[in-house]
Amino acid sequence: MELNEEKSYVPDQAVTDFRNVVSMMADLNEAFDMSTLVARLSKNIVDSAKQVNAKRIEIETIPAGVSELDVARVTHLTVYETEGPEFDGISYECVMPDGETIRCGITIMSLYPEDIQIQKAKWLCEMVCLYVSRAKLGSGFIDMMNRDTDTGLPNMQTFLDFGEKLFGEFKITDYCVVALNINNFKFVNQTVPFDVGTSVLIKYAHKLSGMIKEGEIVTRFGGDNFNVLLKKKNLENFLSEIKKVPVDIKDGNLRVHFELSCYAGIYMIETRTAIQTAVERASDAKNNAKKYPHHPFVYYNEEMGEKQHYSNQVRAKFGKAIDMHEFVAYYQPKVNIKTKKIIGMEALVRWETDGEVIRPDRFVGILEDSSSIIELDRSMLRQVCRDIKRWESMGIDVPCVSVNLSRRNLTTENIADEIAAVLDEYHVDHSKVEIEVTETVDNAEFNFLADFIGRMKQHGIKVSIDDFGTGYSSLNLLKSLNADVLKIDRSFIDLKEFTEQDELLVKSIIDLAKAYNMEVITEGVETEEQIAFLDRCGCENVQGYFFDMPLSKVEVTEIIRKGYYDKDIKY
Ligand code: C2E
Ligand code: CA
Ligand code: CA
């Protein structure tokens, strides 16, 4: 079947790409036999077809000397089909060693222009060609069924089969598993068009493939993750090679060069361990490596496994827990030490599950690794709005309630507008809610934070800088941030002795904050000595166990109804 140029949706470049692949495959000069092929086409090909949005794949052969019109003699096989109107196709000729020419056509139906993922289509074609050309060889072609359609590397199943074989042969303890992820691959995708990014990934994959020795295997594990089953004796060498992998791409006029580094987890297989377990352990170590940019290669230990297991459980239970309203707001009052009046409250999440109340340090950090934290923060904000309205309906003069917002939210576009919209939805006055965000760690985040605060100002919603003093922000940065409240971290007052130097430091932070028109509050206040110290430093507002722990809704209702503490403070 000839390519129909008029009907074709495939751009010229794609056609050339197809032809290149096809002629490359034709070079194999291998004979094929359609009858054996039929039986062997596997699920893989169908999956690949779906990936490229192919509606139908056909393979047809026309034995030498047979006219195309002589349909009776044409072997025509539809490998995969869904309904679809138009089609694009490709055909090629296979010249056999004896001179016989066999024409083979592959038709990929309805590749709409916006769907075209040339790289995938290419691999699909190649796969089909290999099926065809290797069919007669029987066993050899199975190889191609077991490959990742993007990179051509062995797929995960092949990797696991290989590992299981080593396990069966008692050789597995000679090996280690390296699970790696390319650093900042997002940057590559932001810098070059998506298909060029894919080419970079493919090149990288091929380079990895070139680094391993016989009896070893590398597979792609989704996205820019790779798993390698490596002989221990080659590990050191391999790690030094993957530290920096240069990748050059030429795409028309575009030439790009990347030096790709990675982080990796390593599991040294010491006892006979199932390959699946070994991969999971390397992957746990990889997740640890991700957290420490200065230690890109991390070896697995048992503690990691337990932590990972716990994290996985939290993540798995999260969706249902949200639906079942298991995340509950507790409230901790903020108090003015002069008047002892309640000047605000902070909403702090608790996870009430299976009769247990779990504190946020057991799950917030885990949820921050994914977008789940955004969902949690949103649900807390709504809960707070509902509580405010309920208290108001009880005739209580509700103090401003602060809600914690994970920094992950800051990159969400329109987050400030969204928060304001939620308040409006519940008819909550904008002065009744304050948002607490922690200090930022780098410039990019700083810009997001500054932008967020600016927008919140327009909405008349206060923002406080939480945990001040634990991050990297300097006092200078404070000025440009323009936040409303500075929350001084408890580490500044968690002291055995309060020296003049401590006082000078805290006092100057407070003075500066006030000079920038910020309110100041110190958190984690537990003792009278701390209150006396803060009074000397000029900080009147505190939050901490000295007055109350975070309280359930029922408990806090009585406290805010009263509106003040009559606790004696002697200092
Ligand atoms: P945070 O925002 O700094 O909250 C203050 C933490 O200090 C709370 O811990 C509170 O219970 C604790 N605390 C209060 N007074 C004292 C005291 O006198 N002494 C001591 N030692 N600690 C005191 P909690 O409730 O366990 O929350 C821990 C962290 O979890 C919070 O730190 C915040 O970063 C995060 N978090 C809590 N709720 C949320 C939420 O809804 N969303 C997000 N994104 N994070 C939350
Ligand atoms: Ca906070
Ligand atoms: Ca804090």
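Miscellaneous remarks
- Of all residues in the range 462-483 being surrounded by 18 or more Cβ atoms within 10 Å (Cβ to Cβ) and away from ligand 1 (no atom under 16 Å from the Cβ), the one that is modelled with the lowest pLDDT: Leu478
- Residue identified as modelled with pLDDT of 95 or more, within 16 Å of ligand 3 (Cβ to nearest atom) and not in a loop (DSSP other than H, G, I, E, B) among Asp387, Asp417, Asp377: Asp377
- All positions within the range 227-241 that are of a type in the set (D, E, K, R) and either in contact with a Cys (Cβ under 6 Å, 6 or more places away or on another chain) or under 18 Å from Leu260 (Cα atoms) (or both): Lys232, Glu241
- Residue within the range 476-487 that is assigned to a loop (DSSP other than H, G, I, E, B), away from ligand 2 (no atom under 16 Å from the Cβ) and in the same structural domain as Met345 (by TED's automatic domain parsing) present: yes
- Among the candidates Lys186, Lys213, the residue that is under 24 Å from the mean Cα position of the chain (by Cα) and either in a strand (DSSP E or B) or farther than 24 Å from Asn301 by Cβ (or both) is uniquely Lys186.
- Qualifying residues in the range 387-407 (those that are among the aliphatic types (A, V, I, L, M) and within 16 Å of ligand 2 (Cβ to nearest atom)) - the one farthest from Glu434 (Cα to Cα): Leu405
- Filter result for the condition that a residue is touching a residue at least 24 places away in the same chain (Cβ under 8 Å), more than 27 Å from Tyr564 (Cβ to Cβ), more than 16 Å from ligand 3 (Cβ to nearest atom) and not assigned by TED's automatic domain parsing to the domain that holds Ala347, over Glu445, Glu528, Glu503: Glu503
- Check on Ile337, within 30 Å of Asp397 (Cβ to Cβ), within 16 Å of ligand 2 (Cβ to nearest atom) and β-branched (Val, Ile, Thr): no
- Filter result for Thr273 (surrounded by 14 or more Cβ atoms within 10 Å (Cβ to Cβ), assigned to a strand (DSSP E or B) and polar (S, T, N, Q)): no
- From the options Lys334, Lys338, residue that is among the basic types (Lys, Arg), within 15 Å of ligand 3 (Cβ to nearest atom) and not in a helix (DSSP H, G or I): Lys334
- Cβ-Cβ distances below 8 Å connect the following pairs, each with a first residue in the range 349-373 that is free of Cβ contacts under 8 Å to residues at least 24 places away in the same chain, a second residue that is within 16 Å of ligand 2 (Cβ to nearest atom), and a separation of six or more residues or different chains: Val357/Arg350; Ile358/Arg350; Arg359/Arg350; Pro360/Leu348; Pro360/Val349; Pro360/Arg350.
- Some residue of the range 347-355 being part of a strand (DSSP E or B) and β-branched (Val, Ile, Thr): yes
The values are calculated or read from the model by the stated rules, or taken from the named source; none is laboratory data. Since the structure is predicted, the reported quantities are computational estimates derived from the model, not experimental observations. Cβ coordinates were reconstructed from backbone atoms using ideal geometry, including for glycine residues, and neighbour counts include every protein chain displayed.
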